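Below is one structure, written out as structure tokens, with a few remarks after it.
The values are calculated or read from the model by the stated rules, or taken from the named source; none is laboratory data. Remember, predicted model here, so these are calculated numbers, not experimental data. Every residue, glycine among them, receives a Cβ derived from its backbone with ideal geometry; neighbour counts consider all protein chains shown. Calculation scope for accessible area: heavy atoms of the full protein, side chains included, ligands and nucleic acids excluded. Shrake-Rupley method; radii C 1.70, N 1.55, O 1.52, S 1.80 Å.
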Amino acid sequence: MDPKSAAAPVCPAQRFLEGERTEKLYDTDSHLREFTAKVISCEQEGERWAVVLDRTAFFPEGGGQASDTGTLGARRVTDAQEAAGEIRHYTDGPLKAGEAVEGRLDWEKRFRRMQNHSGEHILSGLVHARYGYRNVGFHLGDGEVTVDFDGELTRTQLDELETAVNRAIAENASVSCWYPPKEELAALDYRSKLELTENVRLVKIEGYDLCACCAPHVSRTGEIGSLHILDSMRHRGGIRLRILCGLDAMEDARARYQATLAISGLLSVPQLETPNAVRRVLGELEETKQALADARRQVLRMKADALPETEGNLCLFEPELDMLSLRELVNAGMEKAGGICAAFAGKDGAWKYIMGSRSADLRSLAKEINAAIGGRGGGRPEMIQGSCTASRQEIEAYFAR
Ligand SMILES: [Zn+2]
């Protein structure tokens, strides 16, 4: 799958479309990664420079695909945009108008995008042929490709489509791009049909797809390597698929493999048995949680039973208790204390409290109590709840009065 050895796409030479200043070298040779061109103009735009060339291999952003990056001479090209019949290369420094310049693409990035984009065309062509759904959204980022269709697909259908795309890749079918004349175009049935009747660039994947598209593609489907449907979600009455092709797909598969390998090692089961093993572990965890909750309730009951009867206050510290259990403890403590039963969970400086009393009006006392223990909170006459910042010692001293 060496892209160097791949033949150039079968495209009739098309130097300029009407009104265009920049010859699109990528239109006729998608595998061109270095070229020489003449600088037509260079204008500063804020922090960067907009360079227009007489010819370029830089694909500008378009059709869901990001722009190429690379270098022009010693300058870095960070973006390229097409506007008013010219392609503006945005660089980090100026170039002299009239001079010849060497252009070089970040080829690895571009090649991966071609793999993903051509793979998407095969998938969309098959979805359209089999189910009549249209591709209504496409985003091609680095390592992130999404395709939206205006109809839903089942898991089985997705599996069948994935297999069919990979068979088309293995067939090494030819990919060609051309601008058909008006009459030929009018007679053709292709995806993404445009209002335009002229200057429409068609991309044909022999036996699988015919679609209007401005982007560079692989020359034969074998270059795509493989296509993986990673996941799917319902989206605006249809479906959104995340897919990856070629080297991106391989790296993604490797990351997933490593994740599964790690899980398989942790659970000491073969990789393909990890889902059942995880289910088993989660079941055991749920049982353990239940048993722990039962045990906590039992301990709480014993603690409540063991509370001493007193004429004065009961001050209890239970760092680990949740508020529900703390309340149960206070309910029991109120019955045994003549004064206030105050229970605290948490730690010094960050306690949560619940206080209950059968004799005192806690709502009225809340202000005084909070002032003494650095607290805030309130509630009903028989029970208040809040938090405080005092230490255990300070709290005990207050309630020991
Ligand atoms: Zn396309």
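Somewhere in the range 101-117, is a residue assigned to a helix (DSSP H, G or I), away from the ligand (no atom under 16 Å from the Cβ) and basic (K, R)?
Yes.
Pull up the range 207-235, narrow it to residues that are part of a strand (DSSP E or B) and either charged (D, E, K, R) or open to solvent by less than 10 Å² (accessible area, probe 1.4 Å) (or both), then point me to the one that is nearest to E120 (Cα to Cα). Show your work before the answer.
Within the range 207-235, the first condition is being part of a strand (DSSP E or B), and the residues that meet it are 209-212, 220, 227-235.
Then drop every residue that is not either charged (D, E, K, R) or open to solvent by less than 10 Å² (accessible area, probe 1.4 Å) (or both), which leaves 209, 211, 220, 227, 231, 234.
Details: D209: 10, C211: 11, R220: 14, L227: 8, D231: 14, R234: 18 Å.
Checking each candidate, the answer is L227.
So which residues in the range 41-61 are within 16 Å of the ligand (Cβ to nearest atom) and under 19 Å from H31 (Cβ atoms)? Walk me through how you get there before you give the answer.
Initial filter on the range 41-61 (within 16 Å of the ligand (Cβ to nearest atom)): 59-61.
Passing the criteria: F59, P60.
Return yes or no: is K204 in contact (Cβ under 8 Å) with a residue 12 or more places away in the chain, crowded, with 17+ Cβ neighbours inside 10 Å and basic (K, R)?
Numbers: in contact (Cβ under 8 Å) with a residue 12 or more places away in the chain: yes; crowded, with 17+ Cβ neighbours inside 10 Å: yes; basic (K, R): yes.
Criteria met by K204.
For the range 262-308, which residues satisfy the criterion of being basic (K, R) and either in contact (Cβ under 8 Å) with a residue 12 or more places away in the chain or surrounded by 11 or more Cβ atoms within 10 Å (Cβ to Cβ) (or both)?
Step one: list which residues in the range 262-308 are basic (K, R), which gives 279-280, 289, 296-297, 301, 303.
Correct list: R280, R296, R297, R301, K303.
Considering the range 99-113 alone, what residues qualify as being crowded, with 17+ Cβ neighbours inside 10 Å and touching a strand residue (DSSP E or B) at 6+ places or on another chain (Cβ under 7 Å)?
Within the range 99-113, V101, G103, L105, R113 qualify.
Within the range 174-187, track down each residue that is outside any helix (DSSP H, G or I) and either open to solvent by 80 Å² or more (accessible area, probe 1.4 Å) or within 16 Å of the ligand (Cβ to nearest atom) (or both). First the steps, then the outcome.
Of the range 174-187, the ones outside any helix (DSSP H, G or I) are 174-181.
Matches in the range 174-187: V175, S176, C177, W178, Y179.
On the basis of being of a type in the set (A, V, I, L, M), open to solvent by 10 Å² or more (accessible area, probe 1.4 Å), more than 14 Å from the ligand (Cβ to nearest atom) and at pLDDT 95 or above, does L158 make the cut? Give the steps one after another, and end with the answer.
Numbers: of a type in the set (A, V, I, L, M): yes; open to solvent by 10 Å² or more (accessible area, probe 1.4 Å): no; more than 14 Å from the ligand (Cβ to nearest atom): yes; at pLDDT 95 or above: yes.
The answer is no for L158.
Under 7 Å by Cβ, and 6 or more places apart or on different chains, what pairs join a residue from the range 181-195 that is closer than 23 Å to V136 by Cα and among the hydrophobic types (A, V, I, L, M, F, W, C) with one that is more than 16 Å from the ligand (Cβ to nearest atom) and open to solvent by less than 80 Å² (accessible area, probe 1.4 Å)?
Matching pairs, first to second residue: L185/T197; A186/T197; L188/P180.
Only one of (1) buried (at least 20 other Cβ atoms within 10 Å of the Cβ); (2) within 16 Å of the ligand (Cβ to nearest atom) is not met by A37, so which one is it?
Failed condition: (2).
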